[in-house]
Amino acid sequence: KTVCVTGASGYIASWIVKFLLERGYTVKASVRDPKDPKKTDHLLKLDGAKERLHLFKANLLEDGSFDAAVDGCDGVFHTASPFFINATNPQAELLDPALKGTLNVLASCSKASSVKRVVVTSSMAAVSYNRRSRTPDVLVDETWYSDPDLCQETKSWYVLSKTLAEEAAWKFTKDKGLDMVTINPAMVIGPLLQPTLNTSAEAIANLVNGSQTYPNLTFGWVNVKDVANAHIQAFEIPSANGRYCMVERVAHYSDIVELLHKLYPSFHLPQKCADDKPFVPIYQVSKEKVKSLGIDYIPIEQSIKETVESLKEKNFIGGGSSN
Ligand code: NDP
């Protein structure tokens, strides 16, 4: 079978490509710059790549850019979307590529009669950012939706980009009769295949690299291998449908620091929270639906360990006297 992965050089996508090649698929991989070795070398070295990996140049903001990559594919994994926090021009840097880009990719999918299903990488950012209370007894599940007005008010542009992109994707696929499944992970950690540092792995790198304080924030955390696997299962299992929240554990940054300390007692880790307010509380995220994709989550302790080992190997941490 032939499938397409958009934004193939990215953190999550690289693992999707690796697992697809291992499962025998032919992969049409879109990247912005196929000539940049930093974006493609790690993909071209994967087992099976020589025989079954084909690179395509595509940009989310160019209409029709994905036609060639999608044409003839049975399935499409749409992961490409910018993920960073400090945008100077959120409309151009985050909102347009996420929203217009998703519709652009879906338009290519609806033109290609071969495409049976599209799996879109959405996010818990599109699920849980609303005014409902999130406390230890609250269970967040796939029926939750983030509130675009709240995102605007708090200038949470990345969260808004994922919320609007998913909303538009459901509307488009319903109108066109296209079969779509979304995978909605929270903070994704675990080993990096790509040589560059992505935003979620950077969250761990920052704690280990001499930060004085940790943020007063609580996130769900999940391993990149589970996330990649869930994408493929969502394509392969005919009954897969709708959205799938993916969180192994919800933890405050202080909990992450504690887990890091247990694993690496010699690390100099931040001891103080960045503010004096009460810690943002934890909450629960349902694991029921994702079980039907056969996902048995890798525990957070192992995910943190794998992240740190990978960051060390790639020289994103270490160096200084602290570690
Ligand atoms: P990366 O930054 O590693 O990957 C982002 C990818 O998007 C890159 O391949 C990048 O291409 C591509 N991209 C960005 N802008 C454009 C554009 N204009 N045209 C074409 N491609 C573009 O991040 P992740 O792997 O973490 O993110 C992948 C997906 O997963 C995103 O949709 C993100 O929102 C989602 N997600 C990530 C989470 C996480 O914690 N990591 C959590 C939940 C969801 P290039 O390599 O050329 O820059």
- Quick one: in the stretch 85-99, which of the residues that are modelled with pLDDT of 95 or more and crowded, with 16+ Cβ neighbours inside 10 Å is farthest from the ligand (Cβ to nearest atom)? Pro90
- Message: So in the stretch 48-59, with the set limited to residues that are touching a strand residue (DSSP E or B) at 6+ places or on another chain (Cβ under 9 Å) and basic (Lys, Arg), which one is surrounded by the most Cβ atoms within 10 Å (Cβ to Cβ)?
- Response: Arg52
- Query: From the set of residues in the stretch 8-24 that are more than 10 Å from the ligand (Cβ to nearest atom) and crowded, with 24+ Cβ neighbours inside 10 Å, which is nearest to Phe84 (Cα to Cα)?
  - Reply: Val17
- Query: Within the stretch 299-321, can you find the residues that are crowded, with 17+ Cβ neighbours inside 10 Å and closer than 20 Å to Ile183 by Cβ?
  - Reply: Ile300, Ser303, Glu306, Thr307
- Message: Going by what's in this entry, would Lys38 be described as under 19 Å from the mean Cα position of the chain (by Cα) and in contact (Cβ under 8 Å) with a residue 60 or more places away in the chain?
- Response: no
- In the stretch 228-262, residues that are under 15 Å from Ile304 (Cα atoms) and touching a strand residue (DSSP E or B) at 6+ places or on another chain (Cβ under 7 Å) total 9
- Query: Does Ser108 qualify as being away from the ligand (no atom under 12 Å from the Cβ), in a helix (DSSP H, G or I) and under 21 Å from Ala29 (Cβ atoms)?
  - Reply: yes
- Hey, any hits in the stretch 260-278 for a residue that's closer than 30 Å to Thr143 by Cβ and modelled with pLDDT of 95 or more? yes
- Note on the structure: Over the stretch 287-298, the set of residues hydroxyl-bearing (Ser, Thr, Tyr) and surrounded by 16 or more Cβ atoms within 10 Å (Cβ to Cβ) is Tyr297
- Restricting the search to the stretch 60-84, which residues are near the ligand (Cβ under 9 Å from one of its atoms) and either surrounded by fewer than 24 Cβ atoms within 10 Å (Cβ to Cβ) or modelled with pLDDT under 95 (or both)? Leu61, Glu62, Ser65, Pro82, Phe83, Phe84
- Item | Elements of type strands (runs of 3 or more DSSP E) in the stretch 116-196, at least 3 residues being away from the ligand (no atom under 11 Å from the Cβ) and buried (at least 18 other Cβ atoms within 10 Å of the Cβ) | 117-121
- Would you mind finding the one in Arg52, Arg32 that is of a type in the set (D, E, K, R) and within 14 Å of the ligand (Cβ to nearest atom)? Arg32
- Note on the structure: For Glu258, the lone unmet condition from (1) away from the ligand (no atom under 13 Å from the Cβ); (2) touching a His at 6+ places or on another chain (Cβ under 7 Å) is (2)
- Query: So, in the stretch 26-42, of the ones that are under 19 Å from Val118 (Cα atoms) and in contact with a Ser or Thr (Cβ under 7 Å, 6 or more places away or on another chain), which residue ends up surrounded by the most Cβ atoms within 10 Å (Cβ to Cβ)?
  - Reply: Ser30
- Item | Boolean, Lys45 is of a type outside the set (Val, Ile, Thr) and surrounded by fewer than 24 Cβ atoms within 10 Å (Cβ to Cβ) | yes
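The values are calculated or read from the model by the stated rules, or taken from the named source; none is laboratory data. As the structure is a prediction and not an experimental result, all values here were calculated from the model. Here the Cβ is made from the backbone with ideal geometry for all residues, glycine too, and neighbour counts use every protein chain on show.
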